[in-house]
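One structure below.
Readers should treat all values here as calculations from the given coordinates under stated rules, not as data from a laboratory. Because the structure is predicted, anything quoted here is derived from the model rather than measured. Note: ideal-geometry Cβ built from the backbone for every residue, glycine included; neighbour counts use all protein chains shown.
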Amino acid sequence: MDIAIVKYNAGNIYSVVNALRRLGVEPLLTDDAEKLKKADRVLFPGQGEARGAMEYLKARRLDEVIRDLKQPVFGICVGQQLLCKHSEEGDVDCIGVFDADVKRFLPQHHEDKVPCMGWNRLHDVKGTLFEENSYVYFVHSYYVPVCNDTVAVADYILPYSAAMHKDNFYACQFHPEKSGKVGEQIIKNFLAL
């Protein structure tokens, strides 16, 4: 099975490469449109800033390539956010797979710290990729509100989309590659789709 990881100007890509290697998978890290189209599975991870990421993707027309992929695609962290319509981070239009806008966390109380960092529980889980009550690791200042494509919810300041699914696109706000055995199982579940 050919596994491709979208290469663009975002951090954290190599932790996903290493997570796949621990599973015995040697992924291809690429920004080549044809290689992405031919892969059996595509992972779209990242940490970073939405505007800069979208500028890189649009300059190479990778936003269109990703939107048109037919095989299973898995967006992780900023990858989930970039699959949405629009992000408040940099006020930028994104890829538009998910009909949702990305919002910035606004602290409501003194103890509400942004970014959200740490372990949190998934609930209201739908589908087979994620498990109810799993604890997973998050680092983010922006979130996707709960919407029609939400398949798992987490709570921090307010309930938000911890994971999303639409057609062949799967995504999570958390980092499965940093979530221990639970995260490893999520990656295995995605590869087995």
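What ³J(HN,Hα) values, in whole Hz, does the Karplus curve 6.51 cos²θ - 1.76 cosθ + 1.60 give for region 171-183 when θ = phi - 60°, with x put for Gly and Pro?
3J(HN,Hα) across region 171-183, in whole Hz: 7, 9, 6, 7, 9, x, 5, 10, 10, x, 5, 4, x.
Antiparallel as a % of all DSSP beta bridges within region 1-73, to the nearest 5?
Details: 1 of 8 bridges.
Expressed as a percentage, antiparallel bridges in region 1-73 total about 10.
In whole Å, what three semi-axes, largest first, describe the equivalent ellipsoid of region 28-143 built from its Cα gyration tensor (square root of 5 times each eigenvalue)?
On the way: eigenvalues 138, 72, 28 Å².
Semi-axes (√(5λ), whole Å): 26, 19, 12.
Quote the Stokes-Einstein diffusion coefficient, in whole µm² s⁻¹, for region 98-175, based on the Kirkwood radius over alpha carbon pairs, a temperature of 25 °C and a viscosity of 0.890 mPa s.
194
Quick one: check the C-alpha center-to-center distance for region 96-136 versus region 10-49, whole angstrom.
Comparing the Cα centres of region 96-136 and region 10-49, I get a distance of 23 Å.
Run the dipole for region 70-123 about the Cα centre, Lys and Arg Cβ at +1, Asp and Glu Cβ at -1, nothing else charged, and hand back the magnitude in debye, nearest 20.
Working: 6 positive and 8 negative charges, 56 e Å.
Approximately 260 debye in magnitude.
Considering only the chain, what is the antiparallel percent among its DSSP beta bridges, to the nearest 5?
60
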